[in-house]
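Have a look at the structure below before the remarks.
The values are calculated or read from the model by the stated rules, or taken from the named source; none is laboratory data. Just so it is clear, the model here is predicted, and its values are computed rather than measured. We place every Cβ from the backbone using ideal geometry, glycine too, and count neighbours over all the protein chains shown. For the accessible areas, the whole protein counts, side chains as well, though only heavy atoms, and no ligand, DNA or RNA atoms are used. Shrake-Rupley method; radii C 1.70, N 1.55, O 1.52, S 1.80 Å.
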Amino acid sequence: MKTVLFVCHGNICRSPMAMFIFRELVRRAGKENELRAFSRATSTEETGNGLYPEALSELRRRKIPVGPHAAMRMSPEDYRESDLVFGMDDANIRNLKRMTGGDPENKIRRLRDESAHPGEVDDPWYTGDFETAYRQIYESCEALLRRLTREEAECRR
């Protein structure tokens, strides 16, 4: 089973949105036995807090199932247990590389770089635009799932 970790600063907006979106896309594709996802923070500022209300509203509006969530900071074990680690912006990537000693296993990437529109996922904590963040994350998660599915098919050949 391949494990994907989504990371943002506080683990209350973008990274849990990505986790729930990716989980739903994986479920729809019937790949639950092949792919799993979870999310973490680079900071401890929001530890224990739930999904930010506007992020929760956007996911519910889009009919994305949401389960329990409590913000957690990424640990060394999280890095070791993950096959891929996706930060939402360049600050997340810098912090992740610092936290992991420079990404020795080359797992860390920006999520939007999976999509046709590489770059950072806009931070709705500052912009208030949860719809744009949702669209950027959804597009990126779709592209990620396509890539992982294609790679798995190629490995089976």
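Would you point out the residue of the range 79-118, among those that are among the acidic types (D, E) and within 13 Å of the chain's Cα centre (by Cα), that is surrounded by the fewest Cβ atoms within 10 Å (Cβ to Cβ)?
The qualifying residue surrounded by the fewest Cβ atoms within 10 Å (Cβ to Cβ) is D83.
Among what's in the range 139-157 and is within 23 Å of M88 (Cβ to Cβ) and modelled with pLDDT under 95, pick the residue that is most open to solvent (accessible area, probe 1.4 Å).
Checking each candidate, the answer is E151.
Given the structure, is T47 free of Cβ contacts under 8 Å to residues at least 60 places away in the same chain and either among the hydroxyl-bearing types (S, T, Y) or assigned to a helix (DSSP H, G or I) (or both)?
yes
Somewhere in the range 76-91, is a residue part of a helix (DSSP H, G or I), touching a Pro at 6+ places or on another chain (Cβ under 7 Å) and farther than 20 Å from M1 by Cβ?
no
Look at the range 11-41 and say how many of its residues are assigned to a loop (DSSP other than H, G, I, E, B) and either over 18 Å from R112 (Cα atoms) or open to solvent by 40 Å² or more (accessible area, probe 1.4 Å) (or both).
7
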